[in-house]
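Quick note: the coordinates plus some simple rules give every number you see, no bench work behind them. Given the structure is predicted, the values throughout are model-derived calculations rather than measurements. Virtual Cβ from ideal backbone geometry, glycine too; neighbours counted across all protein chains shown.
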2 protein chains.
Amino acid sequence: MNADYLKKLKQDHFKITPKRRAILDLFDREDKCLTPETIWEHLKKTFKQSGLPGIYRNLELFVKQGILIRIDREGRKRYYALCHDHSGHHHHHIVCVECGRVDDFPVCHFPDIKSTKGYKILSHSMQINGICKSCQ
Amino acid sequence: MNADYLKKLKQDHFKITPKRRAILDLFDREDKCLTPETIWEHLKKTFKQSGLPGIYRNLELFVKQGILIRIDREGRKRYYALCHDHSGHHHHHIVCVECGRVDDFPVCHFPDIKSTKGYKILSHSMQINGICKSCQ
DNA sequence: CTATAAATAGAAATAATTTCTGTTTATCCT
DNA sequence: AGGATAAACAGAAATTATTTCTATTTATAG
Ligand SMILES: [Mn+2]
Ligand SMILES: [Mn+2]
Ligand SMILES: [Zn+2]
Ligand SMILES: [Zn+2]
């Protein structure tokens, strides 16, 4: 849970600030993907002072740390969600197109090849879209 | 090739305009993913009159028609590329992170399951990133 | 407790995308 | 070929998500 993420931050010499705690807490509570602005709306309840640029910066930091992932949805906004996996194992995510809930997709089916069609393969990204139990 | 795309448009009662031809020709010639603005720069050479909103509209039309796909790259711009497959077979794409070249990735390894973790699966998207032969 | 670099707020800038309106044009039908 | 029609278009303007900048605050190591 949350403490693991904070430990990960501390390990890499990033500061544990109240805002950062609050962002991670929010993701824990909401259990779905969120936009920077939605997060900001929530934070403003607790911190009457709070800037959107700080949200953006922290979200990108969390992605670099493997704590959050970016989610693709309709529309022109960004979405982020908790990765939920602390082992660092490669895996993918399934997203509810209705409510934005995100869960780990247990395994990766992509073959472990290093090249195809003359390309040297570096990475792959994948997202599964569906409808979660409670939205069905 | 190009004629197939035009046929597809005509079938669905979309007009074959010089701009549309020019956009598809450009993709054929460039053989990589392009941003709306890049396309616009090229079109302006031939059509001194030419508006960016028209480019945006056409690109989204082509995506709906399965002629183009959207490509994720670094930065905040959109990229589009030819799908290159007229059979309509489900498949994915590999993108050169250096030059933006895009090729069909022959097969899809994602299992044909209809549900997981309580989700009803609707779709999945995937992109393979690598370095193409000429960029290595 | 202090020094210090990291994090922040707030305002402003940036730039991609969309919307709107009036005009043009591809296509269908005589 | 000529005319009617809806689709496509240009151009300007609006929108809005994201980034940059600067001065101030704050978490943390020593
Ligand atoms: Mn995960
Ligand atoms: Mn393809
Ligand atoms: Zn749901
Ligand atoms: Zn390349």
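Which one of these does B:Val63 not meet: (1) surrounded by 15 or more Cβ atoms within 10 Å (Cβ to Cβ); (2) aliphatic (A, V, I, L, M); (3) within 14 Å of DNA strand C (Cβ to nearest atom)? Checking B:Val63 against (1) surrounded by 15 or more Cβ atoms within 10 Å (Cβ to Cβ); (2) aliphatic (A, V, I, L, M); (3) within 14 Å of DNA strand C (Cβ to nearest atom), the one that fails is (1). In region A:53-68, is there at least one residue being within 16 Å of DNA strand D (Cβ to nearest atom), over 23 Å from B:Gly130 (Cα atoms), within 13 Å of chain B (Cβ to nearest Cβ) and among the hydroxyl-bearing types (Ser, Thr, Tyr)? Yes.
Quick test of your reading of the structure: A:Ile131 fulfils all but one of (1) within 15 Å of ligand 1 (Cβ to nearest atom); (2) under 22 Å from B:Leu122 (Cα atoms). Name the failing condition by number. Of the numbered conditions (1) within 15 Å of ligand 1 (Cβ to nearest atom); (2) under 22 Å from B:Leu122 (Cα atoms), the odd one out for A:Ile131 is (1). Looking for something in contact with a helix residue (DSSP H, G or I) (Cβ under 8 Å, 6 or more places away or on another chain) and free of Cβ contacts under 8 Å to residues at least 24 places away in the same chain - is there at least one such residue anywhere in region A:73-82? No, because not a single residue in region A:73-82 is in contact with a helix residue (DSSP H, G or I) (Cβ under 8 Å, 6 or more places away or on another chain) and free of Cβ contacts under 8 Å to residues at least 24 places away in the same chain.
To keep it simple, each residue is scored yes or no on (1) surrounded by 14 or more Cβ atoms within 10 Å (Cβ to Cβ); (2) out of contact with any His (no Cβ under 8 Å at 6 or more places or on another chain); (3) not β-branched (Val, Ile, Thr).
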residue	(1), (2), (3)
B:Ile55	yes, yes, no
B:Ile67	yes, yes, no
B:Arg70	yes, yes, yes
B:Glu74	no, yes, yes
B:Ser87	no, yes, yes
B:His93	yes, yes, yes
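Starting from residues that are assigned to a helix (DSSP H, G or I) and in contact with a Leu (Cβ under 7 Å, 6 or more places away or on another chain), keep the ones in region A:1-18 and report whichever is nearest to A:Ile67 (Cα to Cα). First the steps, then the outcome.
First, the residues of region A:1-18 that are assigned to a helix (DSSP H, G or I): A:2-11, A:18.
Now drop any that are not in contact with a Leu (Cβ under 7 Å, 6 or more places away or on another chain), which leaves A:2, A:5.
Numbers: A:Asn2: 10, A:Tyr5: 7 Å.
Per the stated criteria, the residue is A:Tyr5.
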